[in-house]
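Enquirer: Have a look at this one.
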Amino acid sequence: MSDAYDALRERADAAWAAWQHPERPRIDIAIETSSLAGGAGDTLRALEAEIGRRGAAVDVGRVHGYGLQWLQPLADITWPDGTRVLYGPVTAEDVGLLVDEATGLVGAAANLAVGTLSGRRTGIPPIADHPFLAAETMGRRLLARIGHTDPESLDHYIATGGYFALDRMLSRHQDPASVRQLMIDANLTGRGGAWFPAGMKWNFLAGAAVEERYLICNADEGDPGGWVNRVLLEGDPHLIVEGMLTAAFATGARHGFFYIRNEYPLAVQRVRQAIADATAAGLLGDNILGSGFSCTLEVIRGAGAYVCGEETGLISSVQDGRGMPRVKPPFPAAAGVFMKPSNVNNVETYANVPLILRNGAEWFRQAANPAGTDIGTKIFSFSGDIARVGFMEVPFGVPLAKIIEVCGGMVGGGKLKAIQAGGPLAGYLPGSLLGELSLERAPFSKHSALMGGGGIVFIGEGSCSVDLNVMFSEFLEEESCGRCTTCHHGNQRMHEVFSRVAAGGGRNEDRHNLELVGSSLAYSNCVHGQASPTIMRNTLRLFEREYEAHVAEHRCDALRCAGMTRFRVADQSDPNLPAARDICPTGAIKGEPGAFEVDDSLCIRCGACTDLAPRGLVREAAPLGTAVPEQRVPKPPGVPAAAGRVPLSFQTTVIARPEGGMGGPPPFRR
Amino acid sequence: MAKITINGTEVEAEAGRRLVEVIKEQGIRITNLCYIDGLEPYAGCRTCLVDIEGGRPTSIQLSCTAQVAEGMVVRTDTPEVKRARQGVMSLIMANHPDRCLTCHRRVHCQPGEICLRDDVVTHRCLTCSKNYRCELQTSTEMIDMGEYEEPWVGEVRSYYETPPPEPDRANPYLEFDPQMCIICTRCVRACADIRHTGAITLSGKGSSTAIAFGTGGPVHESNCDFCGACIDVCPTATLMEKPNKWVGLAEEWTNSTCNSCSVGCTISYGVANDRPVIVRPDRLNQFSRDQICVRGRFHYDAVAENQRLSRSLARRGERLLPVPADEALAEAARLLDGVRREHGGGAIAVLGSPLATNEEAYLLARIARDVLQTPHIDFSHGSIHRAVQGAIHDALGVDRLPSDLTSVETAETIVVLASDLEESHNVAALRIKDAVVKRGARLVVVSPRWGELVPFAAAWLQPSPGFEAAAVQALVRAIASDASQLGEPVVPRGVTASSLESAVEVVRAAAASDKGFAVVYAPNPVDAAAAGDQARACANLAIAARGQAAASSLHYLPTDANVLGISDMGVGPAANGMAFSQIIEAARDGRIKALLIHDDNPLLNGAGSDDIRAALEAAQLVVIDSVRSTTAELAEVVLAELPFFAKDGTITNADRRINRQRPAGVPRREERDGVALLTALANELGGNFAYADAAAVTAEAASKVAGYLPYEQVRSGRSRAVGAEATTQPRLQAIGAPAAPEGDGLRLVVARSLYTTWEGASMRSEEADKMHREEVATLNPRDAEAAGVRSGDAVVLTDGTHEVSVSVRLDDGVAPGTVYVPHYYDGGAVMSLLPLEGTAAASVTVAVRALQLA
């Protein structure tokens, strides 16, 4: 141990002890992107106001949410005796109960209690017993600090074992080659979804001919439904910093970039804070911990392009270039950032590095799927039409049926229609395959899909595969970088065809033409273009009957496709009907209370009315040939999507309600 | 070299080369809509698919990204390859007006006919300006798109559903019609990687991806220089020349040479209806190769056809009226003969022009020498050239520099002394940028005002006007072994210590190395004394850095195209002959009675417009020209000549390449080739010339003038008229202090701008004016504030006697205390503020008076 580290550890231990056994009760609010979206900001403000109003002897702290996203905003109370209980959802109205509970009115917030994080509390089970966590059979490794520590505290990180492995490596002057070999022995593979052995990548970089070289952390997590990296960046930023420092030591790089997507402002802030704190503590910069090893890190914010998740697109973006994937070769290990050798790894890959360095390859390999092909634990985020939305860390190989079970099944007891893992490029699979699927690579690739980087979306029976393809193809087209004609024109063609099918204009030759585009897309430069047709192919193969129903019979059983559905006033007594009339963007709902009607020739089937008046207005199958005005017309180049289409768009579903599921009911309490 | 097999034929190719280039070299036709030979592949169009044995994941691979490797087996002609290309092409065509591209009737179809396929008129190839010269069109033919099923025909396509973006027709050079764009980005890369300009970018993503100029506004608001490199590479009608856009389908191509500056880029005129309608670079000149600039590409069109002289003119009373060609010729001869009889040949002076061919210059010199028997022959900028020539002779002992401009490209260090090389010699500036960007050369720019070369420079010395030579001499002083011959040190006013320090560092490193070193000097044709000093300083720098090899390192770029050629041919005062300014004074004073002026326009080019006008009014003029220039207006007789692009002959460029000019036009009425006119005039005067055509003149000139060749031996861009070895050792030259400026006004800087050519400026016409990008005076904001002038204001520049009104732009690229006015602004109006060359100090002072304050 270096003296410098010992000094840091001493200070950190004191801070950590005070955190675990505070002098007076402390209420921690989960402050992270999803809790803020769920109202944690309001809760925090209300809590501070309540404490101030009462003059209560209670402190306020900050943590990252524990993973139970459907219970956001989460909060916990730590009493001086070390007992710590997790509560949720704690809205601004509930803060009084929490203060009561903290100040000694035992049981005041009992209805909100989720589980104990430490210590015992009568009537409240330990959090580990929570059914949602039943699949975490190896316990939490990467997520060990999540929900326990203040993510912005360097002390908490160090006190819980952070930077220990780094210091040991540096102070023993370990051979960089042995560190790389350790990663190969552990079989650490790329967590972004490509599963390339990290140690081998590091060897490429270490063997580069040029001295100047760079490390990049790919935090451009753009796959809809995936927020694994965000949890790590917002919940334990120092873990990634330590991982990158280790990688820098092992590969000879002296500078690293965090490339964080612009949609993660809190992650940007926390990583910047972590870098500043680590630099101030001598853990970054020149002569780290007195070892003679130097490395600097900086944060680059993305500019919103999905393709910048592709490593060469990311590299172009880091250089202030247009975010376009490059032509390979040369590969980044030969010519990356500023045409210097570079290595790009995913956030979660770096996060595993300090753990392996500390605990050894053997420990890492203990977690594996039954076949032994996928090693380690993996964080997954589960969303869609499931009752409990959240993230967890499981060893590979957990059956998806088990996951659905711990997630409380489908919303409202509905059926699972499809499983979409790893973003729109990875395809999707029908719910009927649930029994065959588990969280490992093989079963997905067997069915021409991919497991991807950890985002799993469960799609309920209310969705239509053609309608999903309209959204996905638009997403793929909009996110094409514009290089390959196959990709930006091909996806446009796919979008046009699916839009027309959804509008009721499907033709027999469409299937052939879609296959044709798919075959041309294979000649694209990067994986975005090459994998674009996956979801279309899966549809034609695995959802064939539903697709053919659209084309041949103009029938959409899910009542999603605009050309095959219409709205009807089912219950004139619904008091929300006037509001529904007022929100209609085209004025298709006409009449007065008691005599509302929908004008089909004006209705663009946006569905805004049924969201407001679900009882009064219902969707029904439209007779063949019903005209649908101005809807699903392909988006003209350079013109933003028409306002009327927003409620159905992909972005709304995924970004505005990231953990809320696709059109499911509001989150419910346990 | 690697052996590869293409379509069963074994081919040798350099390993690592891009396969598509090798395929094309084999004469195999392959679609490649985004590839630019020699640049890194962009791999966007995806149409250059070929079958490469063992390729992964499939054997169908792009040939632009594939690199030649030993044993590679390539097929370009399998059904699978064709099918794959057709699939990709169908996607490109889905976002381009495509109906005609696949129509079997296309070849039979006429523009006015009703389309059997019910195609909209605006979507038909027949109504496209690029029809029959479109790369997309030929590409679709190459892979038989007509026989391919058309999955997207009849489809509700965004392309046809969306109103097309407006074409940009706001500037006189370039039409940008984004509707036609297939986003191959060749233009983006040509602009950035070939021209180092970067005016074009790719904007948007997905199907909104589009080409944009600057930040997406009109082309002329971007930093586009209108060189047209993007036009050359555009495979569709997206980027096209605005002049003659709709008639630019050439019937034949004529190899010729641009005569807008002394770089002498070889160009090809596309000819239709016996006139040039389009210009493309011609690769013969190894220095310009595939690049030209806005002048070369567009200024054949700067003077409208109806403004060119088609008939000769003679003075009838106050007016110049058209007369039959023979009558004009006889009258001209009568006039000159009369003066010769009455006052002797010495009362006649002859003015030639650097726009003329060597053949015309040779004949003009013979007329002066043998027919009129006058020693007084010169051209407007003659003394400037002779000052430079003399300085080079004194310093290096040679009359003709042996230096080759292509060595600038490979130089490790380049020093440029010019007012703004980018504007005066655009392609030379481009090659210097190439050297900096592609080969890491280090550049020192010495220039009193900012130019586009400056951002590429390791150091920029910005001397006050008049101190350019002193600035270069300061560099010489830092590396010369014996500074005693350099004269008294002169502090280069305006040059900052830090810029001098970094320039000295660059030059020192060059002196210590034996890698390529180039001094590029382009005199500003205003002040002969200054030009002499500058040439001496540049020669000194070459000597100090390279000693014996100095002559090969010094590059002298005269402003106009054929200065070197006409001087070689004898256009210059003979023994006891008067130089230009003396001729003007003599004519003004009545000692010269008549002037024979061929293609020159002293009122446009010479400093001291008042004196020149007085002289031209006092003497009798015989003018031979293709336009009715301001000088021609004062003539007794104007003989109508063919324009430069219709001339046959040779011109000699800055590094003495002999380039052919070939006629790309025919006489419309009675105008005649310069050689024919001069021969006839000489014969009228009893000269007994027997030249059938330019070739006969060349043959004779080749036997009389060292280094020149008869026609059949001239290889454009390669033959060089280089002179004898040096007769003396290189000698460092002393330079005096520049004359002190008089008065306390601003110092006037005049130089050639990029957008105006001599020919275009000779005419005052809307057509010509359109081709000049807005010409304004440039003022340092500091001076502007003191004078109460804002950007865009109209101001009056005055020397007390003359006034020039001009609108003003504020730019800190011009040094405080100076005002820059383009030479050809308003037909050379600013030259009236300068004294007749050689008669006063090197600079003048002007006062700025804002119009609204007057």
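The values are calculated or read from the model by the stated rules, or taken from the named source; none is laboratory data. Owing to the predicted nature of the structure, the values given are computational and were not obtained by experimental measurement. Cβ placement follows ideal geometry from the backbone for every residue including glycine, while neighbour counts extend to all protein chains displayed. Please note that ligands, DNA and RNA were not included when accessible areas were found on the heavy atoms of the full protein model with its side chains. Shrake-Rupley method; radii C 1.70, N 1.55, O 1.52, S 1.80 Å.
Enquirer: Based on the mean of other Cβ atoms within 10 Å per residue, sort peptides A:348-357, B:779-788 so the most packed one is first.
Expert: A:348-357, B:779-788
Enquirer: Add +1 for every Lys or Arg and -1 for every Asp or Glu among the other residues with Cβ under 11 Å from the Cβ of B:Gly296, and state the total.
Expert: Neighbour charge sum, excluding B:Gly296 itself: +2.
Enquirer: Go ahead and estimate [θ] at 222 nm for chain A from helices alone: -39,500 (n - 2.57) per DSSP H run with n ≥ 4, summed, over the residue count, rounded to 500.
Expert: Dividing the helical sum by the residues of chain A leaves -10500 deg cm²/dmol.
Enquirer: Tabulate in residue order the Karplus-calculated ³J(HN,Hα) for the stretch A:357-366, using 6.51 cos²θ - 1.76 cosθ + 1.60 with θ = phi - 60°, rounded to whole Hz; enter x for Gly and Pro.
Expert: Values per residue, Gly and Pro as x: 4, 7, 9, x, 5, 4, 4, 5, 6, 4 Hz.
Enquirer: Give or take rounding to whole Å, what are the principal axis extents of the alpha carbon atoms in the stretch A:161-364, in descending order?
Expert: So the three principal-axis extents are 43, 35, 32 Å.
Enquirer: Please give the peptides B:682-688, B:566-572 ranked by average Cβ packing (other Cβ atoms within 10 Å per residue), highest first, as a rough proxy for protection.
Expert: Going from most to least packed, we get B:566-572, B:682-688.
Enquirer: Which angle from 0 to 90°, rounded to the nearest 10, does the C-alpha axis of helix A:485-502 make with the longest principal axis of chain A?
Expert: Between helix and principal axis, roughly 50 degrees.
Enquirer: Need one value for B:34-45: mean number of C-beta atoms belonging to other chains within 10 Å of its residues' C-beta atoms.
Expert: Across B:34-45, the average partner-chain Cβ count within 10 Å equals 3.
Enquirer: I need the shape label for the stretch B:109-199. Rule: rounded when a/c is under 1.5, else prolate if a/b > b/c, else oblate, with a, b, c from the alpha carbon gyration tensor.
Expert: prolate
Enquirer: Now for a different question. Just the number, please: carbon plus sulfur as a percent of the accessible area of chain A, 1.4 Å probe, no ligands or DNA/RNA counted.
Expert: Answer for chain A: carbon and sulfur cover 53 percent of the accessible area.
Enquirer: Using a 1.4 Å probe and counting only protein heavy atoms, arrange B:Trp758, B:Trp253 so the residue with the most accessible area comes first.
Expert: Accessible-area ranking of B:Trp758, B:Trp253, largest first: B:Trp253, B:Trp758.
Enquirer: Further, regarding this structure: Need one number: the % of Cα-Cα pairs in chain A sitting beyond the 48 Å mark.
Expert: When every Cα pair of chain A is considered, 18 percent fall beyond 48 Å.
Enquirer: Follow-up. Please determine, in degrees from 0 to 90 and to the nearest 10, the orientation of helix B:468-479 with respect to the longest principal axis defined by the Cα atoms of chain B, where the helix direction is its Cα long axis.
Expert: Once rounded, the angle reads 80 degrees.
Enquirer: Let me ask something additional. Working only with C-alpha atoms, what are the Rg and Dmax values of chain B, expressed in angstrom?
Expert: According to the Cα coordinates of chain B, Rg and Dmax are 28.8, 92 Å.
Enquirer: Let me check the size of the stretch A:15-130 from its C-alpha atoms; what are the radius of gyration and Dmax in Å?
Expert: Both quantities, over Cα of the stretch A:15-130: 12.7, 36 Å.
Enquirer: Something else: Please sort A:130-140, B:822-832 by packing, taking for each peptide the average over its residues of neighbouring beta carbons within 10 angstrom, highest first.
Expert: Order by mean packing, descending: B:822-832, A:130-140.
Enquirer: Another one. Would you mind giving the mean number of other chain beta-carbons within 10 Å of the Cβ of each residue in A:518-529, as a whole number?
Expert: Averaged over the peptide's residues, the number is 4.
Enquirer: Cα-based Rg of the stretch A:377-460 per 2.2 N^0.38 Å, rounded to two decimals?
Expert: Compactness ratio reported: 0.95.
Enquirer: If you don't mind, there's one more thing I want to ask. Which percent, to the nearest 5, of DSSP beta bridges fully inside the protein assembly as shown are antiparallel?
Expert: 60 percent
Enquirer: Which parts of the stretch B:186-227, residue by residue, lose 40 Å² or more of accessible area when the rest of the protein chains are there, as against the chain isolated (1.4 Å probe)?
Expert: B:Leu202, B:Lys205, B:Gly206, B:Ser207, B:Ser208
Enquirer: For chain B, build the charge dipole from Cβ charges (+1 Lys, Arg; -1 Asp, Glu) around the Cα centre, then report which of B:Val68, B:Leu202, B:Cys187 sits farthest towards its positive end.
Expert: Looking along the dipole axis, the top candidate is B:Val68.
Enquirer: Taking the Cα atoms of the stretch B:384-556, what is the range of coordinates along each of the three principal axes, in descending order and whole Å?
Expert: 37, 33, 32
Enquirer: Let's test this: bin the Cα-Cα distances of the protein assembly as shown at 10 Å from zero up to the farthest pair and state each bin's percent.
Expert: 1, 7, 12, 15, 15, 14, 12, 10, 7, 4, 2, 0, 0, 0
Enquirer: Something else: In whole Å, how far is the Cα centre of the stretch A:195-230 from that of the stretch B:47-123?
Expert: One Cα centre to the other: 37 Å.
Enquirer: Beyond 18 Å, what share of the Cα-Cα pairs of the stretch A:1-58 is found? Please give it as a whole percent.
Expert: More than 18 Å apart: 57 percent of the Cα pairs in the stretch A:1-58.
Enquirer: Taking amide H atoms as placed 1.01 Å from N in the peptide plane, list the residues 5 or more away in sequence, or in a different chain, whose amide H sits under 5 Å from that of B:Val627.
Expert: Answer set, sorted by chain and number: B:Leu309.
Enquirer: Using a 10 Å cut-off on Cβ to Cβ distances, tally the other chain neighbours for every residue of A:473-485 and report the average as a whole number.
Expert: Per residue, the average neighbour count from other chains is 6.
Enquirer: Along the stretch A:253-263, what does the Karplus equation 6.51 cos²θ - 1.76 cosθ + 1.60 (θ = phi - 60°) give for ³J(HN,Hα), rounded to whole Hz, x for Gly and Pro?
Expert: Taking θ as phi minus 60°, the curve returns 6, 10, 8, x, 10, 8, 9, 10, 5, 5, 6 Hz for the stretch A:253-263.
Enquirer: If amide H atoms are built 1.01 Å from N in the plane of the peptide, which residues on other chains or at least 5 residues away come under 5 Å of the amide H of A:Gly390?
Expert: Under 5 Å from the amide H of A:Gly390: A:Gln69, A:Phe382.
Enquirer: Separate question: For the stretch B:746-850, report the % of Cα-Cα distances exceeding 19 Å.
Expert: So the portion of pairs separated by more than 19 Å is 42 percent.
Enquirer: Something else now. Could you provide, to the nearest whole Å², the per residue accessible area of the protein assembly as shown with probe 1.4 Å?
Expert: Accessible area per residue: 36 Å².
Enquirer: Let me ask you something else. When the Karplus curve 6.51 cos²θ - 1.76 cosθ + 1.60 is applied with θ = phi - 60°, which whole-Hz ³J(HN,Hα) does each residue of the stretch B:7-16 get, with x for Gly and Pro?
Expert: With the stated coefficients, the stretch B:7-16 comes to 6, x, 9, 7, 10, 9, 8, 5, 4, x Hz.
Enquirer: For B:Arg731, which sequence-distant residues (separation of 5 or more, or a different chain) have an amide H within less than 5 Å of its own amide H, given hydrogens modelled in the peptide plane?
Expert: Amide H neighbours of B:Arg731: B:Leu396.
Enquirer: Please give the calculated 222 nm ellipticity per residue for chain B, where each DSSP H segment of at least 4 residues contributes -39500 (n - 2.57) and the sum is spread over every residue; nearest 500 deg cm²/dmol?
Expert: One gets -7500 deg cm²/dmol as the mean residue ellipticity at 222 nm.
Enquirer: If you fit an axis through the alpha-carbon atoms of helix B:609-618 and take the longest principal axis of the Cα set of chain B, what angle between them do you get, 0 to 90°, nearest 10?
Expert: 70 degrees
Enquirer: Related question: Using a 1.4 angstrom probe and counting only protein chains, how large is the accessible area of A:Asp320 in Å², to 10?
Expert: Here the accessible area works out near 140 Å².
Enquirer: Checking an interface number: how much accessible area is buried between A and B, summed over both chains, with a 1.4 Å probe, in Å² rounded to 100?
Expert: About 3100 Å² of accessible surface is lost on pairing.
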